[in-house]
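Shown next, in structure tokens, is the structure this report addresses.
Every read-out reported here was derived from the displayed coordinates using simple, explicitly stated rules and does not represent laboratory data. Keep in mind the model is a prediction, meaning the values are calculated, not measured. Neighbour counts run over all protein chains shown; Cβ positions are idealised from the backbone, glycine included.
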Amino acid sequence: MTVDSLIRSCCLFLFSFLVSEHILSAPVLVKFNEVEYDITVKIDPVNRTIEGKSLITVRNPRELQLMLGAAYEVTQAEFNDGPLGIGREQVNQAHIWNIPFHFGNQIQFLIRWKGTLAALDTSLDHQQTLGRPVAVSGETGSFLPDGSGWYPRVVGHLARYKINIELPPGQKGLVAGRLVEENESEQGYHASFDFSHPAEGIDLIAGPYVIETQTYQSVNHKPVQLRTYFHPQISNLSKDYLDAVKRYLNLYESWIGAYPYTEFSVVSSPTPTGFGMPTLTYLGIDVLQLPFIRDTSLGHEVLHNWWGNGVYPDYSSGNWSEGLTTFMADYTYKEQESSEAAREMRLGWVRDFAALQPGQDAPLTAFTSRMHGGASKVVGYNKAAMFFLMLRDHLGEAVFQRSIQGLWRVQRFRITSWQELQKIFEMISGQNLQLFFSQWLERTDAPAIMISEVKNIATDSGYELSITLKQSGPVYQLRVPVAIESPQGTTTHILDLQQEQQLFKLKLADKPSAVSLDPDLHLFRQLAPGEAPPILREAMINAATRTVLLSSDSGIRKIAGTLASKLQDRKPQIIARDESLSTAPVLIIGLDSEVDAWLAAEQLPAKPDEINSKGTAQVWTLARAEGASLTVISAQDTAALEALIRPLPHYGRQSYLAFDGRQVIEKGVWPMQVQKVVIK
Ligand SMILES: [Zn+2]
């Protein structure tokens, strides 16, 4: 797994037992099956044993089901004053207790259980850990995800809880919630936590942690306890992480509203995972050591305390929380960096969407899973983030901001659907947003928009510019930004495109010289051919890519062949150097002199100035009029070529790179070729 894809999959929710429940968000007077757990659990990571006791209280009970994972033995199970049975007939079955309708205000269950946890396997990657909701334990770390069924729970209901954790000396443990008390002695470590809002589930984490603590003053003057639970080998990173968490809390409190909890902890994991839970984030030791995590993923995880772990998405009707979090974290950091960086991120989103294979596109309302990656990410994260960007453009910054704050005030700790989100935005903006929401949420595809004609006439008072826009059907209702250049500067006009073809007339004071369509990519749309600058990834992912090895030396050809297969993650289709180039992407690999000669013979531009004579090897893309892009790899010698094998596959999003050995010393993306009509 690459760093890139690990970071992008850094926030996944683990609460896989939850069945969505509308009762909490409906205006009813009595809430049924209000659940509270009071759990004491003792874990020995050396012997991997667990022993637990839970007192479960259900207020206003209706029919309900209790469940405990198959890996455990039940030693006591009582129901008010009577026995409950162990909930299964055979070992290896989950314990399931079906409780019929019960008269009265409250019922209580007492269950004691014990068992052996699976051994921690640090060789598992993030995806493998996700696909395996198993409680694991070992001296370097224990992770008991909610989905593993490690404690008896009422199926399909949010619950408040109290939990006492007991661990042997040297180990520390935590769950989401407020740390009520903790003590450490020769006998071991004990901590108790309280989660007083309805929570989706309980994930328990333990390890040989060094704890560092700082206090943050929230906007409502309440102290928030910030902690790092780090393995000793990375405990020197604590201060930087705690400082970064403070910055993010400050940013989001001023933007949305007060942080809803009394703590936030950053916890290290011996496996390369990345999870976000209320009040904490659990990230791999290796991930935490990457310097950019503090600037990106950490903020995303902090923000999930508002969206995802504060306002809960209704998974059955579409998870909006990844889109809103991506928009207000990852994308916002790009906006803070520069407008170019933000545009580059938008370009990445629409480009990834264009690269989806047939059948991979899905409406946003179908993004329901909590564990996902790849194609669903392109829609569930990127298209959804762009949806919020377009909504902000549509409503204006101030109204959008007020709506976000309203969403937080009204829906905090409630399961919230896209529809409820729409209602809040409509209430606060006073606009009917039905069409806007339905076209972006319920449809697959994206509109293809183009300028079909531009005419300019001089008038008495200036100029009248006629622009005809076209879009693919069925039509979208779009506010299309067009940039009009004149010798006096560039102005942006918003055109309300509602038909397949529509004429717009603009009165201008200055003589226009050019019109370009959505040059800053504010619309989620299909890019025109050649509009996106070519990047390395085209040659990497397109199965039709042809590879040309320019060298005749067998040693160099072998290294070049290995490089090509690592880049494409398959056996490359190698063609002869004099074969005519196909319309598919082409990858050229050779030493400097061979590459220079080949480019000259093909009448292609020489090595670009951005990277020419920098470092020991250069890689760049070229757009071709007659087909897909060309990617060229040029190295000064065999060693310089070999040095690219490991790093280069990580740079698919770049258009050009210069390497000094394995080190990147220059990289970038060519400018976009926006749809532009020059006016004569
Ligand atoms: Zn996330």
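Please state the relative contact order of the stretch 340-472 as a whole percent: Cα pairs under 8 Å, 6+ residues apart?
So the answer I get is 21 percent.
How big is the gap, in Å, between the Cα center of the stretch 481-534 and the Cα center of the stretch 70-92?
68 Å
Check which residues have an amide H placed less than 5 Å from THR271's amide H, if you skip close sequence neighbours.
ILE285
In whole Å, what is the distance between the alpha-carbon centres of the stretch 652-674 and the stretch 186-243?
So the two Cα centres are separated by 40 Å.
Of all beta bridges DSSP finds with both residues in the chain, what is the antiparallel percent, to the nearest 5?
Within the chain, antiparallel bridges account for around 75 percent of the total.
Extending each Cα 7 Å along its Cβ direction at SER461 and SER552, get the distance between those two points in nm, one decimal.
About 7.4 nm, to one decimal.
What number, in percent, do you get for the relative contact order of the stretch 24-120 if the mean sequence gap of Cα pairs under 8 Å and at least 6 apart is divided by its residue count?
This gives 35 percent for the stretch 24-120.
Determine the relative contact order of the chain: mean sequence separation of Cα pairs under 8 Å and six or more apart, normalised by residue count, in whole percent. All intermediate terms of the calculation are to be shown ahead of the outcome.
Values: 1442 pairs, mean separation 60.0, N = 680.
Relative contact order for the chain comes out at 9 percent.
Ordered by residue, what ³J(HN,Hα) values in Hz, to whole numbers, does the stretch 286-300 give under the Karplus form 6.51 cos²θ - 1.76 cosθ + 1.60, where θ = phi - 60° and Gly and Pro are x?
After applying 6.51 cos²θ - 1.76 cosθ + 1.60, I find 5, 5, 4, 7, 6, x, 7, 4, 4, 8, 10, 4, 4, x, 4 Hz.
With a sphere of radius 9 Å drawn around the Cβ of GLY177, what net charge do the other residues whose Cβ falls strictly inside it have (Lys, Arg +1; Asp, Glu -1)?
Neighbourhood net charge equals 0.
Quick check on the stretch 191-239: take the gyration tensor over C-alpha atoms, sort the square-rooted eigenvalues as a ≥ b ≥ c, and tell me if it's rounded (a/c under 1.5), prolate or oblate.
Values: a/c = 2.88, a/b = 1.20, b/c = 2.40.
It comes out oblate by the Cα gyration axes.
Starting at the first residue of the stretch 36-52, write each ³J(HN,Hα) from the Karplus equation 6.51 cos²θ - 1.76 cosθ + 1.60 with θ = phi - 60°, in whole Hz, x for Gly and Pro.
Calculated HN-Hα couplings, in order: 9, 9, 10, 10, 10, 9, 10, 10, 10, x, 5, 8, 6, 9, 9, 9, x Hz.
For the stretch 298-445, compute the orientation-averaged projected area of the C-alpha convex hull (one quarter of its surface), in nm².
8.4 nm²
Under 15 Å between alpha carbons, and skipping anything fewer than 8 positions from LYS511 in its own chain: which aspartates and glutamates qualify?
ASP460, GLU464, GLU485
Which value results for Rg/Rh of the chain when Rg is the Cα radius of gyration and Rh the Kirkwood radius based on the inverse mean 1/r?
Rg divided by Rh gives 1.02.
Past 22 Å, Cα to Cα: identify those pairs from LYS383/LYS571; LYS383/LYS566; LYS42/LYS222; LYS455/LYS676; LYS377/LYS423; LYS383/LYS667, in the order given.
Among LYS383/LYS571; LYS383/LYS566; LYS42/LYS222; LYS455/LYS676; LYS377/LYS423; LYS383/LYS667, the Cα-Cα distance tops 22 Å for LYS383/LYS571; LYS383/LYS566; LYS42/LYS222; LYS377/LYS423; LYS383/LYS667.
May I ask for the net charge around GLU73, where only other residues with Cβ less than 13 Å from the Cβ of GLU73 are counted and Lys, Arg are +1 while Asp, Glu are -1? Intermediate values should be presented prior to the final figure.
Working: positive: ARG88, ARG112, LYS114; negative: GLU51.
So the surrounding residues net to +2.
Check the straight Cα-Cα distances from LYS172 and name the aspartates and glutamates below 15 Å, setting aside those fewer than 8 residues away within the same chain.
Of all the aspartates and glutamates, those that pass the test against LYS172 - Cα under 15 Å, at least 8 places apart if same chain - are ASP44, GLU139, GLU181, GLU182, GLU184, GLU186, ASP203, GLU212.
Give me a comma-separated list of calculated 3J(HN,Hα) values for the stretch 68-84, in order, Karplus coefficients 6.51, -1.76, 1.60 applied at θ = phi - 60°, integers in Hz, x for any Gly or Pro.
9, x, 5, 6, 10, 9, 8, 9, 7, 8, 10, 10, 6, 9, x, x, 10
Just report the Cα centroid separation between the stretch 446-480 and the stretch 133-163, whole Å.
57 Å
Can you spot the aspartates and glutamates whose alpha carbon is less than 18 Å from LYS614's alpha carbon? Ignore those fewer than 8 places along the same chain.
Within the straight-line limit of under 18 Å, LYS614 reaches these aspartates and glutamates: ASP592, GLU594, ASP596, ASP637, GLU642, ASP660, GLU666.
What are the residues whose amide H is under 5 Å from the amide H of LEU64, where those residues sit 5 or more places off or on another chain and H is modelled from the backbone?
ILE99
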